[in-house]
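Structure first, then comments.
Each value in this text was obtained by applying a stated rule to the coordinates, not by laboratory testing. Note that the coordinates shown come from a computational prediction; the quantities given were computed from them, not determined experimentally. Every residue, glycine as well, gets a Cβ built from its backbone with ideal geometry; the counts of neighbours run over all protein chains shown.
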Amino acid sequence: MTDRTPAAQPYLEIRNLWKAFGDFVALRDIDLDIHPGEFVCFLGPSGCGKTTLLRAIAGLDPQSRGTIRQGGKDISTLPASGRDYGIVFQSYALFPNLTVERNIAFGLENTGRPKAEIKARVAELLALVGLPEQGQKYPAQLSGGQQQRIALARAIAISPGLLLLDEPLSALDAKVRVHLRHEIKELQRKLGVTTIMVTHDQEEALSMADRIVVMNHGVIEQVGTPTEIYRHPATLFVADFIGETNHFDAQVQSGRVQMAGLDLAAVTGGHAPGSAVRVAIRPEDILPMASDAPEAENRLAAQVADMEFLGSYWRAHLKVGEVALVANFSMNAVRRFDIRSGAAQLVEIPAERVLVFRGASA
Amino acid sequence: MSGASVQTATALPPGRDTRLAVDRDGWIKRFFVIVIGLYLVGALALPLYAMLSKSFVTYSFDLSRYEVMRSDAEGNWGPARSLAAINDELGRFTPQDLASNVNGRLAPTEFFPDFSFRSPERWRIRGLDAESHYLVGLDLIRSDEWRELDSNTFRRVNLRPLPKTGMDNYSAYFSNPALFGSIGNSVTIAAISTVITLFLAFGFAYAINRTCMRFKSTFRMIAMMPILVPSLLPGIALVYMFGTQGYLTPLLMGHSIYGPIGIVIGSVFFTFPHAFLIISTALSIADQRQYEAAESLRASSWRTFWTVTIPGARYGLISAAFVTFTLVITDFGLPKVIGGQYNVLAVDIYKQVIGQQNFEMGAVVSVILLVPAVLAFVVDRIVTRRQVSLLSARSVPFQPRPDRKADRLWLLWCICVALFITSIIATCQAAALIRFWPYDLTPTLANYDFNRMDGGGWAAYWNSLQMAGWTAVVGTVIVFTGAYMVEKIDGFRSGRTLFQFLAMLPMAIPGMVLGLAYIFFFNDPANPANVIYGTMVILVVSTVTHFYTVGHLTALTALKQIDAEFEPVASSLRQPFWRLFGRVTVPVCLPTILDISIYMFVNAMTTVSAVVFLYSTKTALASVAVLNMDDAGTIAPAAAMGMMIFYTNAAARILHAMASRRIMRRTQAWRVR
């Protein structure tokens, strides 16, 4: 699971990293490279080890085995104070009794910098996070989103080589969250700072990350760009966790997968004919077709059992013979094809969108 | 269970766990944990060990280890004879007679009935080994050489007792009904006082938390008054109320206040605030929804009380019961003043040590007093841990509804309790201002002229003030720093656990026991810390140690409430922890720090038990002066000195409240949520 673009020297190299809490192994043999200037998200369900990995990188909870190198230097046994990063926690951890300015200046003071320089830098950071007028306020007087931005400003004040974000948006309400996603991403691009963000929100990861590290049960399931992860999930877990899927047990025939009541053309490379597999189909990959469309692969005559209106699209519960499928149809398509509950509807599943995984029993 | 994942290895590869290098902050925190830990070892663990080992040591004269020769006037020496042989012959001393203590002396002339110091006879004496030491005058001889002396010098020879380790002290204790009878007395008194205090305090706390009674804040203030005075002050008040010349004596119908009755009444007075606070906390966390459920099920209020209220407060009640029991059984001042001939354990320690100079027996009684105290402490810790899990974030706070009839009854209850508390304080105040009760009732300030009385005079008061001030400052710094370091240190598991244990220990140690342990430990000439013996330092050290645990727990609670991510953030900003400590932690915890210091101050002003063994003529204290003046029969000045402590503590509390309010107002901007 190492990197796909070996051209540049990675900024952060994680090798054979293990972490155990007593008998519980939280991280298993993690290998990961992160490149300079990248925005990487650790994504996974709670308990998958993503925060444990972040805390190992930060030197807050040391790994049990393995090494971490940052900028070519082995930092495996360095305490947090000896490492080079800025961190933003879910709680923001702003010092309540210090003004916003003093919070941001906390890492700048006591470093021999002249007062005027610190003042200028704080003003610059406040402008950068879009809160130029709030310097004299105390954290409790700011909204959650504003506090988050102050925490970010404090973390980047010392120009760290690495920025760590531990679920930074999960304490905020939905609207603010979407807005801040964009802002944080912009800021990171502007500063070019290598960033790792931990999140359990797939939408957040997909919209912000250059690369996503999907984790489950202490292992990395897949590393890739958001589109790679979404379009070509490496494992059934990834396919399931990111986006939604219909899935079935099936058997591989050459170029096809057979399951009870369905026989679909698929890209089966890597799976021997006759082997048991798990097939996953995303609801949005089931395309409605006009009844007079020319003949093609994987065209199925479906019965619309039920329609659910979900705002921006419709969810259709289809029956193909005895097989139940869930499909997402856009508003346009529903209007164009006049898809209704109880009606018959022709659908197509492109062969390359039939995702085939090794079966659970294999 | 996902398909292509890399679940090759499942177990941790062999090898050692990675350990982070310890940075400067880590070393400094370790340094503080170790230093404060060592303080607790030196101020608590070692003295207790010294005391425990002393309780197993007995001293006796071993006559078989000495030989004596006697010459006639012409210088013809008789045979060397063992003193044991001579004693057998004379039947002079029984083995019981030969039991002694560390200060024992025995003159060998006792074995020669015809001895005269004017006689021209000469004497030779030797010990059979180097251990068998004896005194010639003031010189200690540790030699098995013969030593020749004339009669006049032989008169000044004294044998010293030899120490022996064993259970002898304990068997002596339990074979003496006058001593072990105190166990029953102490337990009885403590049990009765606990039941009464709990009953009164529960009603009081119930009225304040669960009814719409009026004057709640006034009652709350009155309930706290007993904390401000030494526990022996109610004893003095009871003498004026129910003593031989008391103004309420007929109410006793012939019974004497000196004894169990007096101890129980006084104990109820001084333990009331402690029980009230604990039960009040338990009753304040009720969940409104439970009561609404009970009401919708049409449960009678009596049934609701027994099925909802009491179970909800049960941990508080248990905790209050054990705290009260421990306070009573370990208290020394009150039974000393009002106990009369009724012996209790804490006073026995005092009598053994101060009265009979029998330190070893004092240690035995201390060990026995430790048993209920440690037991109560353990139970209380278990219960307190359970109590926390009762709180849930979704609870709806209970809102009492007015009920005119019930509210009046509760008001009556509170008035009775408040009257009891205030009448005791008021009696003391009156006693302090009356020239000579009951014969000359003219008001006077003469009783405040402490310099004319025994007990230390005004100097004792100033000493107390100084001691309490130092205790508040030094104690708060040590306690808060220790709590911070142990809470915020990374790694160092074993060190932390040991420190937590040491910090909890003082709560289980009665003051008398601590004081006696200090005598054994610090009065030992071999101990380099011996220099603090008899100084103000040992008083401050003992008081800080005695009240360490409550301060430690208070500090921990506050520290746990501040964001645990502050330290990681500060170190990621490459700032040393002490900047965070000084700029954020201390300011945020300032109200708590003030609470700890006022707690230390008030207790240092009122404590008697630990310091009664440790003060010297130069460091007499106000609380001890109350005791000594009462002992000397100058009871009105004793009351006056007690009231001085009351005024001081009340003033300190008012100052504390003002300071807290000012801090809260100044920090309002950042405290709003």
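Taking a quarter of the surface of the Cα convex hull of the range B:5-73, what do you get in nm²?
Taking the Cα atoms of the range B:5-73, their convex hull projects to 14.7 nm² on average.
How shielded is A:83-96 by partner chains, expressed as the average number of their Cβ atoms within 10 Å of its Cβ atoms?
Numbers: counts 4, 2, 1, 3, 6, 3, 6, 1, 5, 3, 9, 6, 12, 12.
Per residue, the number of nearby Cβ atoms from other chains is 5 on average.
Mind pulling the angle between the C-alpha long axis of helix B:24-40 and the longest principal axis of chain B? Nearest 10 degrees, somewhere in 0 to 90.
Helix B:24-40 and the main axis of chain B meet at about 50 degrees.
Test of understanding: express the Cα radius of gyration of the range B:415-552 as a ratio to 2.2 N^0.38 Å, with N the residue count. Write down the numbers at each step before the final one.
Working: Rg = 21.2 Å, N = 138, 2.2 N^0.38 = 14.3 Å.
Normalised by 2.2 N^0.38 Å, the Cα Rg of the range B:415-552 equals 1.48.
Please determine, in degrees from 0 to 90 and to the nearest 10, the orientation of helix B:511-522 with respect to the longest principal axis defined by the Cα atoms of chain B, where the helix direction is its Cα long axis.
Its long axis makes an angle of about 50 degrees.
Which number comes out as Rg/Rh for the range B:150-226 once both Rg and the Kirkwood Rh are worked out on C-alpha atoms?
That ratio equals 1.48.
Taking the Cα atoms only, what angle lies between the long axis of helix B:635-666 and the longest principal axis of chain B, rounded to 10 degrees?
40
Given a cut-off of under 8 Å on Cα pairs at least six residues apart, what relative contact order in percent is computed for the range A:12-241?
Here the relative contact order equals 28 percent.
With Cβ to Cβ distances under 13 Å as the rule, what net charge do the other residues near residue A:209 carry (K, R +1; D, E -1)?
-1
Between A:81, A:330, A:312, where does the largest GNM mean-square fluctuation fall for chain A, given springs only between Cα atoms within less than 10 Å?
Result: A:312 has the largest fluctuation of those listed.
What is the distance in Å between the Cα centres of the range B:156-201 and the range B:83-150?
With the range B:156-201 and the range B:83-150 each reduced to a Cα centre, they are spaced 34 Å.
Tell me which GluC sites (Glu not before Pro) from the range B:53-127 have a DSSP coil assignment and no more than 11 other beta carbons within 10 Å of their own. Present the calculation step by step, with values, prior to reporting the outcome.
Working: sites: B:67, B:74, B:89, B:110, B:121; in loops: B:74, B:121.
Those that pass, being in a loop and sparsely packed, are B:74.
Using the per-residue mean of other Cβ atoms lying within 10 Å as a proxy for protection, in what order, highest first, do the peptides B:242-251, B:426-435, B:621-630, B:208-217 fall?
B:621-630, B:426-435, B:208-217, B:242-251
In Å and whole numbers, how far do the C-alpha atoms of the range B:199-262 stretch along each principal axis, longest first?
42, 25, 20
Suppose we look only past 44 Å in the calculated P(r) of the protein assembly as shown. What percent of the Cα-Cα pairs does that tail hold?
On the way: 301597 of 535095 pairs.
The calculated P(r) of the protein assembly as shown puts 56 percent of pairs beyond 44 Å.
How big is the antiparallel share of DSSP beta bridges in the range A:12-241, given as a percent to the nearest 5?
55
How big, in percent, is the set of alpha carbon pairs in the range B:58-165 lying more than 22 Å apart?
Roughly 26 percent, rounded to a whole number.
For the range B:345-478, calculate the relative contact order in percent as a whole number, restricting contacts to Cα pairs under 8 Å that are 6 or more residues apart. Display every interim value, and only then the final one.
Working: 48 pairs, mean separation 11.2, N = 134.
Computed over the range B:345-478, the figure is 8 percent.
Could you give log10 I(q)/I(0) at q = 0.10, 0.16 Å⁻¹ for the range A:12-241, computed by the Debye formula over C-alpha point scatterers of equal weight, without solvent?
-0.46, -1.13
Under DSSP H, which helices of chain A have Cα atoms covering 15 Å or more of the helix axis and a Kyte-Doolittle average no less than 0.0?
A:115-128
Counting alpha carbon pairs within less than 8 Å and at least 6 residues apart, what relative contact order, in whole percent, applies to chain B?
It comes to 17 percent, rounded to a whole number.
Could the peptides B:193-203, B:522-532 be put in order, highest first, of the mean number of other beta-carbon atoms found within 10 Å of their residues?
Result, highest mean Cβ count within 10 Å first: B:193-203, B:522-532.
Counting Lys +1, Arg +1, Asp -1, Glu -1, what net charge surrounds residue A:170 among other residues with beta carbon under 11 Å of its beta carbon? If you can, show how the numbers build up before the last one.
Values: positive: A:177; negative: A:166, A:167, A:173, A:201, A:204.
Neighbourhood net charge equals -4.
For a protection proxy built on the mean count of beta-carbon atoms within 10 angstrom, sort B:485-498, B:272-285 highest first, please.
Per-residue mean Cβ counts within 10 Å order the peptides as B:272-285, B:485-498.
Shielding of A:55-65 by partners, i.e. mean partner chain Cβ atoms within 10 Å per residue?
4
Let me confirm one metric for peptide B:19-25, namely the mean number of other chain beta-carbon atoms within 10 Å of its residues' beta-carbons.
5
Where Lys and Arg each count +1 and Asp and Glu each count -1, what net charge lies around residue A:284 among other residues with Cβ under 13 Å from its Cβ?
That sum, taken over residues with Cβ under 13 Å, equals +1.
What is the gain in length, in nm to one decimal, between residue B:617 and residue B:662 on full extension, counting 0.36 nm per residue of separation less the C-alpha to C-alpha distance?
12.2 nm
Taking 2.2 N^0.38 Å as the expected size of a compact globular protein, what ratio does the Cα radius of gyration of chain B give against it, to two decimals?
1.18
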